[in-house]
Amino acid sequence: MSAADRARDALSRLVDASATERILISTAALVLSILIGAVLVLVAGRMTTCTAGEAVYYLGMGFCYDPVVVFDRLFLGALGDPFSGSWSPNGQFAVTLRETTLLIFTGLSVALAFRAGIFNIGTQGQMVVGALATALGVLWASSLVSGALGTVVLIPFGLLVGAVFGGLYGAVPGLLKAYADANEVITTIMLNFIATGVALYLVSGIFKDPESAANQTVPLPEFAQFPALLFGGRQDFSIVALAFGLLAIAALYYVLEHTAFGYDVRTSGVQPEAAEYGGVDAKRTVVASLTLSGALGGIAGAMYVMMVLGTFQTGIPSYGFDGITVSILAGNNPLGVGIAALLFGVLKSGTTVVQFATDVPPQLVGVLRGLIILFVAMPEFFRLMARGLPGTGSKSKAVATDGGTAGDRGGETDE
């Protein structure tokens, strides 16, 4: 058997891997990345100087950085030290859940588009548009209601505004791809720059808070923001927002796996030609997928405004681009997005803890985080890429002209 045949056979086994096998592969990749990261920490510790009292000793040699402490702070520190005996939901654990909540929505946004065979690189721009629209819409509506009633009314209203404007912005590259055959990667990237530039222009001029030196809108009133139930108000996190995220995961999973629209999306992403032959309207599916994808990105922007900042401010962190990694980690499965978002949230939050709790350079911490993400994501990335190669996977489904698949009839899902 040639090397090419062995590689194709390996890819076929990866494509056909069950959910349990994929979890075991990802776990093994995580452990391997930690072991390699520990070696890098030790090597870096030998290349710097420290006192004998500060050094740690392994195999009779002294090292300035202790990999056990580094990874303890990276993971357990991000969870608020659950085994310390004085654990509290406030603090770093709340930061981790805040990052997880935002990444759930951006991860779902990217995953939906990827399942339709569309590379939506524009979630960041859709998030910016949704965030700005939410800030302005909620500011206007907050003059009409107040108090507890205002909270009940304005939170769903703000999420709806973010979803509508993010969805409309996502529909633009969808229309361009469907009716002008424009490459969605290029259009979505360009629309990211447009969204950021227009938002900066509006917030630095027309909608700028006159009492702030920063480029931001007038702050939202307290009752127009997510309530910090179970967590301190200074943590910029609300369990209510996380509940919305979990609801979104369940809803998108149901839509993709148990509705006619979900069938159109899945078959278009796997076998677009056969899907059209089976009666799927490819153009409508492209536009609808990118619109819904943009709506999820817009909701992420609304969450950022109403949960984290309490206003719209230029320079929104790159949650949209992080959502691409989250989606790949999850294999574009909505149920996996929650787990991948939590892992990514832990890594983002734990990075800060490592930088404050150890002397390890931030550049090395970034390398460790990237190494973990790379190792965990690559098996799933190769699996997703292999599914499009001819001759890989023994369980590939043929799309039937009656609107079903052999797998669908047998109760088997694509993921």
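Would you point out which residue out of F231, F223 is open to solvent by 30 Å² or more (accessible area, probe 1.4 Å), more than 15 Å from Q313 (Cα to Cα) and touching a residue at least 60 places away in the same chain (Cβ under 8 Å)?
Criteria check complete, one pass: F223.
Scan the stretch 187-219 residue by residue and report those that are farther than 22 Å from Y319 by Cα and open to solvent by less than 70 Å² (accessible area, probe 1.4 Å).
If the condition is that a residue be farther than 22 Å from Y319 by Cα and open to solvent by less than 70 Å² (accessible area, probe 1.4 Å), then S204, G205, K208, D209, S212, V218 are the ones that fit.
Among the residues of the stretch 333-350, are any under 22 Å from L252 (Cα atoms), open to solvent by 10 Å² or more (accessible area, probe 1.4 Å), modelled with pLDDT of 90 or more and not in a helix (DSSP H, G or I)?
The answer is yes, given that some residue of the stretch 333-350 is under 22 Å from L252 (Cα atoms), open to solvent by 10 Å² or more (accessible area, probe 1.4 Å), modelled with pLDDT of 90 or more and not in a helix (DSSP H, G or I).
Within the stretch 165-186, can you find the residues that are more than 15 Å from T285 (Cα to Cα), touching a residue at least 60 places away in the same chain (Cβ under 8 Å), of a type in the set (A, V, I, L, M, F, W, C) and open to solvent by less than 60 Å² (accessible area, probe 1.4 Å)?
Residue satisfying the conditions is V185 alone.
Can you find a residue in the stretch 305-315 that is in a helix (DSSP H, G or I), within 28 Å of A178 (Cα to Cα) and touching a helix residue (DSSP H, G or I) at 6+ places or on another chain (Cβ under 8 Å)?
Checking the stretch 305-315: not a single residue is in a helix (DSSP H, G or I), within 28 Å of A178 (Cα to Cα) and touching a helix residue (DSSP H, G or I) at 6+ places or on another chain (Cβ under 8 Å).
Here are S88, S26: which of them is surrounded by 13 or more Cβ atoms within 10 Å (Cβ to Cβ) and under 30 Å from R383 (Cα atoms)?
The match here is S26.
Scan the stretch 154-164 and give yes if some residue there is part of a helix (DSSP H, G or I), of a type in the set (V, I, T) and more than 21 Å from A116 (Cβ to Cβ), otherwise no. Reasoning before the result, please.
Initially, the stretch 154-164 is screened for residues part of a helix (DSSP H, G or I), giving 154-164.
Still in the list and also of a type in the set (V, I, T): 155, 161, 164.
From the residues that got through so far, the ones that are more than 21 Å from A116 (Cβ to Cβ) too are 155, 161.
Looking through the stretch 154-164, at least one residue is part of a helix (DSSP H, G or I), of a type in the set (V, I, T) and more than 21 Å from A116 (Cβ to Cβ).
Of the residues G162, G147, G137, only one is in contact with a Ser or Thr (Cβ under 7 Å, 6 or more places away or on another chain) and among the small types (G, A, S); which?
When all the criteria are applied, what remains is G162.
Mind counting the residues in the stretch 279-304 that are in a helix (DSSP H, G or I) and either without any contact (Cβ under 8 Å) to a residue 40 or more places away in the chain or of a type in the set (A, V, I, L, M) (or both)?
12
Of the residues in the stretch 41-75, how many are closer than 20 Å to L347 by Cα, open to solvent by 30 Å² or more (accessible area, probe 1.4 Å), of a type outside the set (A, V, I, L, M) and part of a helix (DSSP H, G or I)?
Looking only at that region, the number is 3.
Let me spell it out: the conditions are (1) in contact with a helix residue (DSSP H, G or I) (Cβ under 9 Å, 6 or more places away or on another chain); (2) modelled with pLDDT under 95, and G205 meets all of them except one. Which number is the exception?
Just one mismatch for G205, condition (1).
Counting only residues that are open to solvent by less than 10 Å² (accessible area, probe 1.4 Å) and in a helix (DSSP H, G or I), how many does the stretch 101-126 have?
16
The values are calculated or read from the model by the stated rules, or taken from the named source; none is laboratory data. As the structure is a computational prediction, the values presented were derived from the model and not from experiment. No Cβ is skipped: glycine too gets one built from the backbone with ideal geometry, and neighbour counts run over all protein chains shown. Accessible surface is based on the protein model in full, side chains and every heavy atom, while ligands, DNA and RNA are left aside. Shrake-Rupley method; radii C 1.70, N 1.55, O 1.52, S 1.80 Å.
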